[in-house]
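Taking it in order: structure first as structure tokens, then the write-up.
The values are calculated or read from the model by the stated rules, or taken from the named source; none is laboratory data. Note that the structure is predicted; figures quoted are calculated from it, not measured. Here the Cβ positions follow ideal geometry from the backbone for every residue, glycine too, while neighbour counts run over all protein chains shown.
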Amino acid sequence: MRPVSVLESVSERKATRLAEFGVESVLDLVTTYPRRYIDRTRQADVSGLQVGDEAAVLASVQSARTRRARNGRAVVDVVVRDYTGRLAVVFFNQPWRAKQLEAGTEAIFFGKVGEYRGTRQMVNPVVDVVAGVTPGRRTLRILPVYPASAKAGLTSWEIGACVEEALRRAGEFVDPLPGEWRSSLDLWGRTEAFGAIHLPESLDVVAPARRRLVFDELFRLQLALVLRRRAFEVNARALHHDVSPREITGAVTDTLVARFVARLPYDLTRAQRQALAVIVADMAGPFPMHRLLQGDVGSGKTVVALAALLGAVQSGHQGALMVPTEVLAEQHFSAVRALLGDLEGPGGMAGGEVRVELLTSRVKGKARTAVLSGLASGDVGLVVGTHALLTEEVVFASLGAVVIDEQHRFGVEQRATLRSKGTDGDPDLLVMTATPIPRTAAMVIFGDLDLMTLDELPPGRIAVTTVWLPGEDHAGQGEAWQRVREEVEAGHRAFVVCPLVSDSVRVEAKSATEEFERLAATELAGLRVGLMHGQMAPAAREEVMDRFRSGDLQVLVATTVIEVGVDVPEATVMVVESADRFGIAQLHQLRGRVGRGSTASWCYLLGGEEGNERLAAVAASSDGFALAEADLRLRGEGTLLGARQKGQSDLRLASLSDPDDVVLLAEARRVAEAVVDGDPQLGAHPDLADEVRLLLSEDEGEYLFKS
Ligand code: ADP
Ligand code: MG
């Protein structure tokens, strides 16, 4: 790829700054899109600003002064002016503005015009300093405003000038989209689109230009996903598992799966039965299963997963359940053993029993050797573990099925590694998410998997009443602690979730310990309170859990180690401290720890400011799918997609919460499938193949395009 340094407007110094900004190639540069435009013919004069207007004004700084607010934070008061008048601009908590906006600096201030003591002012506007202006750009009627970076020392103007040169020198862009699709989808040409989005003649052309470029982003990605999917099917060496839906309905009774289903203390829900029927059909079928199972917190994914793994075991293969953390692995391990009951046995498949083992980095020495040799010999039928399962020392006699819980924390490469451990064929793969994600995001993140949903909760659940008590003062939170006492008195139990303090388990443990001591001496004085955090040894944690389960402890103060897996039906209250530090999905997951029995339950969210939309959303809804949509709307897809697989970060323009883009996503999928159907290796579409390669790791690129 051509580096930005080939451009005349990019000096060495500027290249370094652009790199800090994540822009290294010319392609990176032309796909750095304006975040907004200023129509110079309609640009506001300072004198014409009305209170309530959202406006952009080009003005020069007359003065900038820093003062301290009463809370100690810096306030920078700036006065700006153009030839028509003066305007006050105030920055809270941005002390560096004083330096950026020295007297004489010209900049564009974009924000809402407010009023303070009768004077018009803008508070915390977006600022684009107009330094280093290329004279030519000032003649543009419509000014693109780029996401300038004050930290990297780059102004919107500098970026714009580089982009302009890049476009001029690039000339015609290759347009890899087959012409017939372009016209049937009514999409602009790519060259036109790049030109119009960066240097629009009028604001009317921005939308169609954007539409084309959004399509490109989504299409590339879907193409990669469809290719990945097809490659599995083409190169697959499927294992035919000996399992049928009749084992779930009870028509067959003597297999491991049938016995497992029969000995469950409850009936499977309709959704669970349907999901299992599909999974079992996949497993018995000619292609390896490649499926995503979504379901709300508490919908009962674990039994579905376990039944699938047992389907592999009864067919003479092994099953592996991979989870992202050690705590989770330990919890799943005990859950699995409890569910298996007397189906668990010492080794092999003798007598129709299955040996289950745990493998994490905490399993060491002799115990580890025993697990490893059991996996290699086939004695161990089921293994629950973490990333430890991916290491080279782990060899399976015959891995037949893999379930990955909370896959979004695992990458595609890791999935592939685990799959490659199948010696007799490609193991079946079932991926599950901890909390639901919107369908659109699933199409992007898991687009190479078949999607399936558990859309039903087991019967008898009573919705958890969620109460949000904003503010930090303890007085306003009395209701929560009162409820804890009442419930404990009634023989129930309570969770208290400590604030999320840092990424360090050690610091978090310390803070949880302090909070535990404080609560035991104040709000929860007189109750039997226990503590659990991630720094405790598994045995110690297990002991605390046992005491909590048995009722010996009435309240459990814990860090987010209780987020997943903990299942105590008697727990009827949860208090989440500093709830504003948690994301929607995490709060929903936490809340899923109560309301598992058949009595009324409560979840108290403490803290956060009035108007916090995330907390309001969690308090208002207990539907994980609805909350996932709200999360997407509030935070955008960035966080959802997270630090995951290569390629998905390439959604620069497309927004999964924009209904028009969602329509394009479906179109992109359709076109990608049609193109790959007609040309599985993209041999006739070399330009498309090149674009897809950009999204893939080298290895995968080679794999997908090998004939
Ligand atoms: P999740 O989908 O969040 O992983 P789990 O698999 O942990 O949910 O199940 C949540 C709880 O529901 C567990 O206590 C489990 O035993 C119970 N459960 C699962 N399936 C059913 C069912 N069909 N009927 C009643 N309870 C069920
Ligand atoms: Mg689960």
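Looking at segment 94-111, can you tell me whether even one residue there is over 26 Å from residue 158 (Cβ atoms) and either modelled with pLDDT of 90 or more or of a type in the set (A, V, I, L, M) (or both)?
Step one: filter segment 94-111 for residues over 26 Å from residue 158 (Cβ atoms), giving none.
No, segment 94-111 contains no residue that is over 26 Å from residue 158 (Cβ atoms) and either modelled with pLDDT of 90 or more or of a type in the set (A, V, I, L, M) (or both).
In segment 260-293, how many are assigned to a helix (DSSP H, G or I) and either within 16 Å of ligand 1 (Cβ to nearest atom) or in contact with a strand residue (DSSP E or B) (Cβ under 9 Å, 6 or more places away or on another chain) (or both)? Give the derivation first.
Of the residues in segment 260-293, the ones assigned to a helix (DSSP H, G or I) are 260-263, 270-284.
Next, from what is left, pick out any that are either within 16 Å of ligand 1 (Cβ to nearest atom) or in contact with a strand residue (DSSP E or B) (Cβ under 9 Å, 6 or more places away or on another chain) (or both): 260-263, 270-279, 282-283.
So the answer is 16.
Pick from 594, 618: which is assigned to a loop (DSSP other than H, G, I, E, B), closer than 15 Å to residue 497 by Cβ and either touching a Ser or Thr at 6+ places or on another chain (Cβ under 6 Å) or not charged (D, E, K, R) (or both)?
Values: 618 fails: assigned to a loop (DSSP other than H, G, I, E, B).
So the residue among 594, 618 that is assigned to a loop (DSSP other than H, G, I, E, B), closer than 15 Å to residue 497 by Cβ and either touching a Ser or Thr at 6+ places or on another chain (Cβ under 6 Å) or not charged (D, E, K, R) (or both) is 594.
Take residues that are touching a residue at least 60 places away in the same chain (Cβ under 8 Å) and either among the hydrophobic types (A, V, I, L, M, F, W, C) or within 30 Å of residue 433 (Cα to Cα) (or both) and tell me which of the strands (runs of 3 or more DSSP E) falling wholly in segment 483-590 contain 3 or more. It would help to see each step written out before you state the result.
Numbers: elements: 493-497, 529-532, 555-558, 571-576.
Output list reads 493-497, 555-558, 571-576.
Quick one: how many residues across segment 7-51 are closer than 20 Å to residue 205 by Cα, surrounded by 15 or more Cβ atoms within 10 Å (Cβ to Cβ) and basic (Lys, Arg)?
Summing the residues that are closer than 20 Å to residue 205 by Cα, surrounded by 15 or more Cβ atoms within 10 Å (Cβ to Cβ) and basic (Lys, Arg) in segment 7-51 gives 1.
Test each condition in (1) away from ligand 1 (no atom under 11 Å from the Cβ); (2) farther than 18 Å from residue 242 by Cβ; (3) touching a Phe, Trp or Tyr at 6+ places or on another chain (Cβ under 8 Å) for residue 325 and report the one that comes out false.
With respect to (1) away from ligand 1 (no atom under 11 Å from the Cβ); (2) farther than 18 Å from residue 242 by Cβ; (3) touching a Phe, Trp or Tyr at 6+ places or on another chain (Cβ under 8 Å), residue 325 is out only on (3).
Only one of these conditions is not met by residue 200: (1) in contact with a strand residue (DSSP E or B) (Cβ under 6 Å, 6 or more places away or on another chain); (2) over 23 Å from residue 655 (Cβ atoms). Which number is it?
The number of the failed condition is (2).
So, in segment 419-432, of the ones that are out of contact with any Gly (no Cβ under 8 Å at 6 or more places or on another chain) and within 16 Å of ligand 1 (Cβ to nearest atom), which residue ends up farthest from residue 625 (Cα to Cα)?
The residue in question is 430.
Determine which single condition residue 249 fails, assuming it passes every other condition in (1) under 22 Å from residue 688 (Cβ atoms); (2) surrounded by fewer than 19 Cβ atoms within 10 Å (Cβ to Cβ).
Only one criterion is unmet by residue 249, namely (1).
Answer with yes or no whether residue 232 is modelled with pLDDT of 95 or more, within 30 Å of the chain's Cα centre (by Cα), in a helix (DSSP H, G or I) and among the aromatic types (Phe, Trp, Tyr).
Values: modelled with pLDDT of 95 or more: no; within 30 Å of the chain's Cα centre (by Cα): yes; in a helix (DSSP H, G or I): yes; among the aromatic types (Phe, Trp, Tyr): yes.
Here the answer is no, as residue 232 does not meet what is asked.
Kindly provide the set of residues from segment 295-321 that are within 13 Å of ligand 2 (Cβ to nearest atom), at pLDDT 95 or above and not in a helix (DSSP H, G or I), ordered by number.
Residue satisfying the conditions is 321 alone.
Quick one: which of 580, 552, 567 is away from ligand 1 (no atom under 16 Å from the Cβ), surrounded by fewer than 19 Cβ atoms within 10 Å (Cβ to Cβ) and either within 12 Å of residue 297 (Cβ to Cβ) or of a type in the set (D, E, K, R) (or both)? Step through it out loud before you land on a result.
Working: 580 fails: surrounded by fewer than 19 Cβ atoms within 10 Å (Cβ to Cβ); 567 fails: away from ligand 1 (no atom under 16 Å from the Cβ).
When all the criteria are applied, what remains is 552.
Within segment 458-472, can you find the residues that are away from ligand 2 (no atom under 16 Å from the Cβ), at pLDDT 85 or above and more than 25 Å from residue 580 (Cα to Cα)?
Of everything in segment 458-472, just one residue is away from ligand 2 (no atom under 16 Å from the Cβ), at pLDDT 85 or above and more than 25 Å from residue 580 (Cα to Cα), namely 459.
Could you tell me whether residue 285 is crowded, with 19+ Cβ neighbours inside 10 Å, out of contact with any Lys or Arg (no Cβ under 6 Å at 6 or more places or on another chain), in contact (Cβ under 8 Å) with a residue 12 or more places away in the chain and among the small types (Gly, Ala, Ser)? Spell out the reasoning first.
Details: crowded, with 19+ Cβ neighbours inside 10 Å: no; out of contact with any Lys or Arg (no Cβ under 6 Å at 6 or more places or on another chain): yes; in contact (Cβ under 8 Å) with a residue 12 or more places away in the chain: yes; among the small types (Gly, Ala, Ser): yes.
When the stated conditions are applied, residue 285 does not pass them.
Here is a yes/no grid of residues against (1) more than 16 Å from ligand 2 (Cβ to nearest atom); (2) of a type in the set (A, V, I, L, M, F, W, C); (3) within 29 Å of residue 660 (Cβ to Cβ); (4) surrounded by fewer than 18 Cβ atoms within 10 Å (Cβ to Cβ):
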| residue | (1), (2), (3), (4) |
| --- | --- |
| 214 | yes, yes, yes, no |
| 240 | yes, no, no, yes |
| 269 | no, no, no, no |
| 277 | yes, yes, no, yes |
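Only one residue in 642, 636, 595 is buried (at least 16 other Cβ atoms within 10 Å of the Cβ), at positive phi, modelled with pLDDT under 90 and not charged (D, E, K, R). Which one? Steps first, answer last, please.
Values: 642 fails: buried (at least 16 other Cβ atoms within 10 Å of the Cβ); 636 fails: buried (at least 16 other Cβ atoms within 10 Å of the Cβ).
Just a single option satisfies the conditions, and that option is 595.
Step by step: first the residues of segment 419-457, then only those that are within 16 Å of ligand 2 (Cβ to nearest atom) and touching a His at 6+ places or on another chain (Cβ under 7 Å), then the one that is farthest from residue 668 (Cα to Cα). Which residue is that?
Per the stated criteria, the residue is 435.
So which of 492, 533 ends up being surrounded by 22 or more Cβ atoms within 10 Å (Cβ to Cβ), within 28 Å of the chain's Cα centre (by Cα) and farther than 26 Å from residue 635 by Cβ?
533
Here are some residues: 214, 257, 205, 252. Which one is in contact with a helix residue (DSSP H, G or I) (Cβ under 8 Å, 6 or more places away or on another chain), free of Cβ contacts under 8 Å to residues at least 12 places away in the same chain and assigned to a helix (DSSP H, G or I)? Don't jump to the end; show me each part of the working.
On the way: 214 fails: free of Cβ contacts under 8 Å to residues at least 12 places away in the same chain; 257 fails: free of Cβ contacts under 8 Å to residues at least 12 places away in the same chain; 252 fails: assigned to a helix (DSSP H, G or I).
205 is the lone residue from the list that is in contact with a helix residue (DSSP H, G or I) (Cβ under 8 Å, 6 or more places away or on another chain), free of Cβ contacts under 8 Å to residues at least 12 places away in the same chain and assigned to a helix (DSSP H, G or I).
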